[in-house]
C-alpha cells in the first residue's frame with residue numbers, strides 16, 4: 001500500500017512539474033514602462049484548431065460597453081452579439097475582414113455571425129459613440145489577451161518570436177508587430193510604442209475607428 005501511495009505521489013509530482021515547466025508568462029509594457037491592457041499576444045502553432053468544432057463566442061453589451069472589449073476567436077468561428085442592456089443598440093463594423101450591421105435590438109435573438117477571414121474587426125454602436133470593441137480573428141495561432149497588469153500566461157513552451165496586436169499600435173488599428181523573446185525564460189517583458197494611452201470613455205466614433213482601412 002505504501003509503495004502504491006509513493007507511486008501515486010510521484011505521478012502527481014511529475015504532472016505538476018510538467019505544468020510548472022511550461023507555464024511561461026509574457027508581460028507587455030508601453031514606451032513609459034506601464035502595463036498594456038487588452039493587447040493580444042500570439043504565435044503560430046502547428047496544431048490547428050480548424051478541425052475542432054469551436055463553440056460560439058460571445059461579444060456582449062453591458063453598461064453601454066462591449067464585453068469583453070477585446071475578443072479572441074479562431075478563423076471560421078461564430079460570434080453572438082447579445083444585448084444585456086435595457087436599452088437598444090445598433091452594432092456594426094466597417095472592417096474589411098467582415099463588415100456587418102445589426103440594427104436596433106435588445107436581447108439575444110439575433111443570429112451569430114461567422115468570421116471566415118483572419119485579422120482584426122473593429123465594432124461600434126451607431127447610437128452610443130463611446131462603444132468600441134475589437135474581435136481578433138486568429139489563423140492557426142495560439143492567442144491570448146493581456147490582463148490589466150499587461151500579462152498573459154501560456155501553459156506550453158514558447159517559440160523564439162511572438163506577435164503583438166493592440167488598438168493603439170496604429171491609426172488603422174490593425175497593425176501587428178513581431179518581437180523576439182527568450183523562450184527559455186519563465187517571464188519575458190516586451191515593450192511596444194503606443195500612439196496614445198487608452199481612455200475609458202473617449203468619443204471614438206468616426207472614420208478613425210470605423211473607416212474602410214480598418
Margin query: I'd like the full set of residues that are in contact (Cβ under 8 Å) with a residue 24 or more places away in the chain, over 17 Å from residue 55 (Cβ atoms) and not in a strand (DSSP E or B), limited to the range 65-86.
Written below: 69, 84, 85
Notebook entry, point to check: What is the number of the single condition among (1) at pLDDT below 95; (2) assigned by the TED database to the domain that holds residue 33 that residue 147 does not meet?
Noted result: (1)
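Against the condition part of a loop (DSSP other than H, G, I, E, B), at pLDDT 95 or above, touching a strand residue (DSSP E or B) at 6+ places or on another chain (Cβ under 9 Å) and under 22 Å from residue 140 (Cα atoms), how does residue 95 come out, does it pass? Working first, answer last.
Values: part of a loop (DSSP other than H, G, I, E, B): yes; at pLDDT 95 or above: yes; touching a strand residue (DSSP E or B) at 6+ places or on another chain (Cβ under 9 Å): yes; under 22 Å from residue 140 (Cα atoms): yes.
Yes.
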Notebook entry, point to check: Looking at this structure, is residue 118 farther than 30 Å from residue 86 by Cβ and modelled with pLDDT of 95 or more?
Noted result: yes
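The values are calculated or read from the model by the stated rules, or taken from the named source; none is laboratory data. Because the structure is a prediction, the values reported are computed rather than measured. As a convention, Cβ positions derive from the backbone with ideal geometry for all residues, glycine included, and neighbour counts pool all protein chains shown.
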